[in-house]
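Participant: Just dropping this structure here.
The values are calculated or read from the model by the stated rules, or taken from the named source; none is laboratory data. This one's a predicted model, so the numbers in the text were calculated from it and none came from an experiment. Note that each Cβ is placed from the backbone with ideal geometry, even for glycine, and that neighbours are counted across all protein chains shown. Accessible surface is based on the protein model in full, side chains and every heavy atom, while ligands, DNA and RNA are left aside. Shrake-Rupley method; radii C 1.70, N 1.55, O 1.52, S 1.80 Å.
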Amino acid sequence: MSHILHVDASSRSERSVTRQLTREFLDLRRIEHPQEVVTYRDVGRFPVPHVTEAWIVGAFAPPEAHTHEAREAMAFSDLLIEELLGADRFVFGVPMYNFSVPSAFKAYVDQIVRVNKTIDSSWQGLVRNKKALFITARGGSYAPESPIHPFDFQEPWLRTIFGFIGVSDVTFVHAQALNMGDEQRAAGMQEAKRQLADLAKTW
């Protein structure tokens, strides 16, 4: 029985495309894998703290130098890392904001990338044998043949940072061209849903 960590990062609620798609994907997964366990975290509507000086003290100073604030910062970071390491698979709903990820998701990533927790002292990833699915929503089309493809700093960064902590088995499903008219929006959503329906059976 596998365990999925589901994280949504959209600032929107019911109008969020990524929330809709992650929810629909997991509904399909339950049909195929009814015993699968899902842990949910919403960093879009309930943001995690940004890294502070207290966090840095907790992460890099010896325990005897920790302040009360540093211990609190580490306790929350530890909780997020425990959720991550406790899952076999990750489903991330990450809209594109300004060619990259929402600041709330960047803050989440900053909390889970830690020496001796998710990377070792030689910068080798410790989060191994996991699978990640990134479901994104984009106003434009950033396909390789698109003239705005070079503006896509979202997928390359996500591949890099999760690869850095050891997650190399990653899949992306992009709902693209959502702000390019009704016809292109419908086509982008249809294609994303088609891919997710296939993945629900095979991922």
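Participant: What part of the accessible area of the chain, given as a whole %, is carbon or sulfur when the probe is 1.4 angstrom? Walk me through the intermediate numbers first.
Facilitator: Values: 5640 of 10520 Å².
Of the solvent-accessible surface of the chain, carbon and sulfur hold 54 percent.
Participant: Test of understanding: given the chain, find the longest segment containing no trypsin sites (Lys or Arg not before Pro) that are in a DSSP loop and have at most 13 other Cβ atoms within 10 Å.
Facilitator: Working: sites that count: Arg15, Arg128.
After excluding every exposed loop site, the longest remaining stretch is 16-127.
Participant: Taking the Cα centre of each part, how many Å lie between the stretch 163-203 and the stretch 125-153?
Facilitator: The two parts, judged by their Cα centres, are 9 Å apart.
Participant: Right, another one. When we measure straight from the Cα of Lys117, which lysines land under 16 angstrom away, once same-chain ones fewer than 8 places off are left out?
Facilitator: Hits, sequence-local ones excluded: Lys130.
Participant: Mind sorting out which of [x] 16.7; [y] 17.3; [z] 17.8 is the real Kirkwood radius over Cα pairs in Å computed from the coordinates?
Facilitator: [z]
Participant: Taking a temperature of 37 °C and a viscosity of 0.692 mPa s, what whole-number D in µm²/s does Stokes-Einstein yield for the stretch 1-116 with Rh from Kirkwood over alpha carbon pairs?
Facilitator: Rounded to a whole number, D works out at 213 µm²/s.
Participant: Hey, in the GNM for the chain with a 10 angstrom Cα cutoff, which one of Ser16, Ser77, Ser122 fluctuates hardest?
Facilitator: Among Ser16, Ser77, Ser122, the largest GNM mean-square fluctuation belongs to Ser122.
Participant: Hey, another quick one. Where does helix 182-202 land angle-wise versus the long Cα axis of the chain, in degrees 0 to 90, nearest 10?
Facilitator: 60 degrees
Participant: Hey, another quick one. Using a probe radius of 1.4 Å on heavy atoms only, what accessible surface per residue do you get for the chain? Whole Å² is fine.
Facilitator: On a per-residue basis, the chain sits at 52 Å².
Participant: Then there is this: Which one, Phe151, Phe90, Phe162, has the greatest fluctuation when you compute a Gaussian network model over the chain with C-alpha springs under 10 angstrom?
Facilitator: Most flexible of the set in this elastic network: Phe151.
Participant: If eta is 0.890 mPa s and T is 25 °C, what Stokes-Einstein diffusion coefficient results for the stretch 93-141, Kirkwood Rh from Cα pairs, in µm²/s?
Facilitator: After rounding, the answer is 193 µm²/s.
Participant: Another one. Once you have a ≥ b ≥ c as the square roots of the Cα gyration tensor eigenvalues for the stretch 1-45, tell me rounded if a/c is under 1.5, and otherwise prolate or oblate according to whether a/b is larger than b/c.
Facilitator: Working: a/c = 4.13, a/b = 1.75, b/c = 2.36.
Taking the square roots of the gyration eigenvalues as a ≥ b ≥ c, the stretch 1-45 is oblate.
Participant: Rounded to two decimals, what is Rg over Rh for the stretch 27-75 when you use alpha-carbon atoms and the Kirkwood radius?
Facilitator: 1.30
Participant: Can I ask one more? Can you bin the stretch 63-170 into rounded, prolate or oblate? Criterion: square roots of the alpha carbon gyration tensor eigenvalues sorted a ≥ b ≥ c, rounded for a/c under 1.5, prolate for a/b above b/c, oblate for the rest.
Facilitator: Prolate, because a/c is 1.5 or more and a/b exceeds b/c.
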